[in-house]
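Please read the structure below before turning to the comments.
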């Protein structure tokens, strides 16, 4: 007899959470599970295995609505689905965990949540933190994606989560990295790449400030892939500081890997993370990585600086220094690149997806 799993993610966007959702759900769909997906993004349903039943709004009206609106709509659907269904679901919440916990417990359903970003990025509002701290204790299990994250989560919310690393699909990345692109990368330039949503969290302004401190003889060219509400602000800064020749914002790319493979360095300047997939992907493509030492994930992926470089968040001069030092001593860093590549086994697809299945299966 198949068991009923309901995946709850009101807003499917373009990022690491979504990548993990596609990978994990595909793996789970091959198991003895009846999987339902509840989201407001009807436009994303074609990305899931055909065996997964979609129970959200079946039109595109809600696709571009705010996350708050989507949360409210999915809350209503979840409430009535659990109220009227004769099935007993295990709810697996990848977003809006507290909403999922409250509604699930009202109807006596088990609920497992996955927290995606370090507590460092949580709303600073005292009442929100108190509210979250109170209700998260009612989750039957909480999953996080790095050990540092786990320690911080327990310290802040007094609930011990389980750590499962992000599952990683190298063969897919290898194939996608070979796709031809129109954009050219000059070998006479220092090609730097950054991939991430243009938001406060990703902190791209630190990258732009660092550009002026990279030695001109290296001829730096920073390509930023991503879209978001900070785009206009970043474009204004680029223009005001006359660095148009050194920085290009090229928008969101479904396949960033051909751009990464043609670059010399990948940088991440985030203020907080969970476990940034982009660093794993860059390691697999054997690119040198320079990342902010934010909470949490980069330090763990980069083996505390043995498999890449770390700089203090917001320290644009420190970032520029790391870039200059790399350019001056490239041959010294080959061992770091290789060490990162060899340690990708920690993020093995089957091993980590199986952990998800085993945890979820415990609550049926």
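The values are calculated or read from the model by the stated rules, or taken from the named source; none is laboratory data. Nothing here was measured: the structure is a model prediction, and the numbers come from that model. For neighbour counting, all protein chains shown are included, and Cβ atoms are generated from backbone atoms with ideal geometry for every residue, glycine included.
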Qualifying residues in the range 84-104 (those that are in a helix (DSSP H, G or I) and touching a helix residue (DSSP H, G or I) at 6+ places or on another chain (Cβ under 9 Å)) - the one surrounded by the most Cβ atoms within 10 Å (Cβ to Cβ): 100
The one condition in (1) buried (at least 16 other Cβ atoms within 10 Å of the Cβ); (2) not assigned by TED's automatic domain parsing to the domain that holds residue 21 that residue 175 fails to fulfil: (1)
Scope the range 37-54; condition crowded, with 17+ Cβ neighbours inside 10 Å and in a loop (DSSP other than H, G, I, E, B); matching residues: 39, 40, 41, 48, 52
Scan of the range 150-167 for residues that are touching a strand residue (DSSP E or B) at 6+ places or on another chain (Cβ under 7 Å) and surrounded by 16 or more Cβ atoms within 10 Å (Cβ to Cβ), ordered by number: 150, 152, 153, 161, 163, 164
Options 203, 191: the member that is out of contact with any helix residue (DSSP H, G or I) (no Cβ under 8 Å at 6 or more places or on another chain), closer than 18 Å to residue 287 by Cβ and touching a residue at least 12 places away in the same chain (Cβ under 8 Å): 191
Residue within the range 123-131 that is touching a strand residue (DSSP E or B) at 6+ places or on another chain (Cβ under 7 Å), in the same structural domain as residue 18 (by TED's automatic domain parsing) and surrounded by fewer than 16 Cβ atoms within 10 Å (Cβ to Cβ) present: no
Given (1) farther than 23 Å from residue 229 by Cβ; (2) assigned to a loop (DSSP other than H, G, I, E, B); (3) touching a residue at least 60 places away in the same chain (Cβ under 8 Å), number of the condition residue 23 does not satisfy: (2)
Restricting the range 193-218 to residues that are surrounded by 17 or more Cβ atoms within 10 Å (Cβ to Cβ) and more than 30 Å from residue 119 (Cβ to Cβ), the residue that is nearest to the chain's Cα centre (by Cα): 211
The range 56-103 - residue that is touching a strand residue (DSSP E or B) at 6+ places or on another chain (Cβ under 9 Å) and without any contact (Cβ under 8 Å) to a residue 24 or more places away in the chain and, of those, farthest from residue 25 (Cα to Cα): 85
For residue 308: the one exception among (1) on the phi < 0 side of the Ramachandran plot; (2) touching a strand residue (DSSP E or B) at 6+ places or on another chain (Cβ under 7 Å): (1)
